[in-house]
Structure formats: structure tokens, C-alpha cells
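These notes concern the structure reproduced below.
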Amino acid sequence: MKAIRLVRFGAPHVLELHDLAVPTPSSGEVLVRVRFAGVNFADVTLRRAAHPWPDPPPLTPGFEASGVVAAVGEGVTETRPGERVATLHFGLGAYAEYQLVPASQVIPLPADVSFESATALMLQGLTAHVLTFENPRFAAGQVALIHAAAGGMGRLLTQWLKRRGATVIGTVSTPEKARLAAAAGADHVIDYRARDFAEETLRLTQGRGADYIIDGVGSATFERNLEAVAPRGHIAFYGFASGAPDALDLRRLMAKSVSVSGENVAGYVRTREELSRRASAVFDAHREGTLMPRIERILPLARAAEAHELLESRATAGKVLLEI
């Protein structure tokens, strides 16, 4: 089979197309013939070695995929060969013609959900579900500030938080992305290259600030988040595209009774039941028209390095997929 291998940590060119043997599923495993793999900034972070990873290269990247079950190992009853499925596997392996996955991380696809949409919704859709429904301080009518609102995650968060009754303020980097964020439902859009997002958020909220800030950027936004957040507000981080923030003086949180959390969807789908419940909610929201991913680009597997370059350059406003 063809597979992209991360041969060493580094720039996009370390992603190479290799020929590997098709794996055989052991007990409790499922072999999926992959149709599409999702490209996420988490893959870029892995490639850069920006965070510790337990396994050294070479390895096959990719956390999410969709395809058809090719074979199952002994004891697998959750799925069967020929079934359409999506995978969310934190052991990687999606950038390949075949992916070997624990049965607990395979979800059957509803007949009316396409492979493309399923792939675009697995990691980002489930993360959006966590960020939308796991903040106990959030309530309808509050103001949510979403960074990178025109991206794949930002778009889904905007759509779901609007459905929950939030007033959404989105930050973007270009006028074109501002139009896309508004089309996704953002009530106000701030081009952070033209205006200070914290000052503009305070102006839009009559000095109060945002009740809920959702951030996948990190160090470039953290300091201004503390200015933009409302008293008793909450800041949730789900990634660090610009690097991790410096150490936080907790006294700064106490000044406005602010809470900060780091959210990783892996912590919320530790069992098949948790994964199935959240995936069902995501697919239901997609079916109802609430969650509509924007697929920016579909590239062949061999152009995985180009896909990473697109994400790093912030040239995308939506989801990038690899077709396999």
C-alpha cells in the first residue's frame, strides 16, 4: 500500500510517500480501506515536534479518516467488512491506503453522510461538540469570541454556538476570511491585522468583554484574551498554532474571576460509548443543517506536504482533505 511517512521531525518535505505492507488486523482491530484523510493543524504540530510524542519517526500521520472496512480481527462485532465507517484514531495512520484501528475508534457512517463530510467532521466536529457543550459557565445569550473563525474549526464552532443562542464575534486575518466568517453566522467579525481584537471586543460589548473565548492560536492571542474576556468569563484553548503561551500569573485570573482550560477531544472520547454518542450528535447536527463544513481543498495523498504548507501559511479557510 501507499502511505505517507514522517521520516523525521521538521519541515513539510519530511513527509514522504512510501510503499508499505498492508497490515493484518489482530484481535480487536479493524482494517479500513481509506477514502479520505483529514489534514489538521494537530498533524502540523506533530510533524514539527512542537509537543512531545511517545513514538519516534518513522510514522504515518493522520488522526481521522473515512472509508470502508476491509477486514476485522478476532472478536470484533462492532463492524463488518464492507461497512462505510469513519475513524478517529489517536495512534495515527490515516495518511495511507489502509489504516489499522482499534474497533473502539471506528464509527459506522449514516447512509446520508458522505465520506468527505464525515472526514471533515470527525476531529473538528467532535472538538466543536466538546467546546460547545462542556463549558458549564456558558449560557444562551452570552457573547463568544472565536479565533480563526473562518477556518474549519472556527466555522463549526460559530454554527453550533449560534444554534445555542450565542452572539458570536470572530477574528480573521483577511477581508475574504471576514466574508466567510460572516457567512457562517458570526454576528461581528474582526480583522485582527487591522484592529486590536481585544479593544474591538470591548467596544462591541459596551466594555464588558466576551463571556467565552475559544482559542486554537495560543501565544499570539493569549495576553489580549485576558483583556477581552468578561468578568467570570472562560477561556478555552484547544491548540497552539502560534506556540504555547508563557507561564500564567494566576493573580491575573483572579482580577476578573476568569477560568482557563485546555481542551483535548481525546479526553472526552475515552470509550466507544463516548465516541459514538458525540459522533451521533455531530452527524445529527450535520443532517439538520447546523454543522456544514467547508471543504477548502482536496489533494491526492502524494501531496500531503503541500497540504501542510497550506495550513502553515494560513492560506486556507476551511478543511483540507487527502483523497486516497
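The values are calculated or read from the model by the stated rules, or taken from the named source; none is laboratory data. Quick caveat: nothing in here was measured; it's all calculated off a predicted structure. Positions of Cβ are generated from backbone atoms using ideal geometry, with glycine treated the same way; all protein chains shown enter the neighbour counts. Surface areas here come from the heavy atoms of the whole protein model, side chains and all, with no ligands, DNA or RNA. Shrake-Rupley method; radii C 1.70, N 1.55, O 1.52, S 1.80 Å.
Below are the figures for this structure:
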| read-out | value |
| --- | --- |
| Protection proxy ranking, peptides 97-106, 66-75, average beta carbon neighbours within 10 Å, highest first | 97-106, 66-75 |
| Degrees, to the nearest 10: 219-228 long Cα axis against longest axis of the chain | 40 degrees |
| Debye-sum result for the range 1-55 in log10 I(q)/I(0), which assumes one identical scatterer on each alpha carbon, at q = 0.16, 0.22 Å⁻¹ | -0.66, -1.05 |
| Computed magnitude of the charge dipole of the range 156-273 (debye, nearest 20; Cβ of K, R +1, Cβ of D, E -1) | 340 debye |
| For the chain, with +1 on Lys and Arg beta carbons and -1 on Asp and Glu, the positive-most of LEU291, SER104, ALA266 along the dipole | LEU291 |
| GNM result for the chain, Cα springs below 10 Å: residue of ALA255, ALA285, ALA50 fluctuating most strongly | ALA255 |
| Relative contact order (percent, whole number), the range 6-74, Cα cutoff 8 Å, 6+ residue spacing | 50 percent |
| Surface share of carbon and sulfur [accessible, 1.4 angstrom probe, percent] for the range 164-302 | 50 percent |
| Relative contact order [Cα under 8 Å, 6+ residues apart], the range 188-238, whole percent | 38 percent |
| Stokes-Einstein D (µm²/s) once Rh is taken as the Kirkwood radius of the range 180-235 over alpha-carbon pairs, at 37 °C in 0.692 mPa s | 280 µm²/s |
| Gain on full stretching of the segment that runs from SER261 to ARG163 - 0.36 nm per residue minus C-alpha separation | 33.0 nm |
| Per-residue ³J(HN,Hα) for the range 130-137, Karplus 6.51 cos²θ - 1.76 cosθ + 1.60, θ = phi - 60°, Hz, x for Gly and Pro | 4, 5, 7, 10, 9, 9, x, 7 |
| Sites matching trypsin sites (Lys or Arg not before Pro) across the range 176-232 that sit in DSSP coil, with at most 15 neighbouring C-beta atoms within 10 Å | ARG193, ARG195, ARG208 |
| Sorted largest first, extent of the chain alpha carbons per principal axis (Å) | 60, 38, 37 |
| Principal semi-axes in Å for the range 14-162 [√(5λ), Cα gyration tensor, largest first] | 29, 20, 13 |
| Global size of the range 148-249 as Cα Rg and Dmax, reported in angstrom | 12.7, 38 |
| Solvent-accessible area per residue for the range 1-151 (1.4 angstrom probe, square angstrom) | 38 Å² |
| Charge dipole (debye, nearest 20) of the chain; +1 at Cβ of Lys and Arg, -1 at Cβ of Asp and Glu | 560 debye |
| Whole-Å distance, taken between Cα centres, linking the range 226-267 and the range 1-38 | 35 Å |
| Percent RCO, i.e. relative contact order, over the chain, from Cα pairs under 8 Å lying at least 6 residues apart | 19 percent |
| From the C-alpha gyration tensor of the range 216-283, square roots of 5λ in Å | 28, 14, 11 |
| Share of alpha-carbon pairs per 10 Å distance bin for the range 169-313, given as whole % | 10, 29, 36, 22, 3, 0 |
| Of all DSSP beta bridges in the chain, antiparallel share, percent nearest 5 | 55 percent |
| Dipole magnitude (debye, nearest 20) for the range 5-79, charges at Cβ of Lys, Arg, Asp, Glu | 320 debye |
| Centroid-to-centroid separation of the range 103-158 and the range 43-88 [C-alpha atoms, Å] | 19 Å |
| Relative intensity, log₁₀ I(q)/I(0), of the range 98-201 from a Debye sum that treats every alpha carbon as a point, q = 0.14, 0.19, 0.23 Å⁻¹ | -0.61, -0.94, -1.18 |
| When the convex hull of its Cα atoms is projected in every direction, mean area for the range 25-64 (nm²) | 3.8 nm² |
| Theoretical ellipticity at 222 nm over the chain - DSSP helices of four or more residues, -39500 (n - 2.57) apiece, nearest 500 | -8500 deg cm²/dmol |
| Listed residue (ALA183, ALA281, LEU226) projecting farthest to the positive dipole end of the range 181-324, Cβ model | ALA281 |
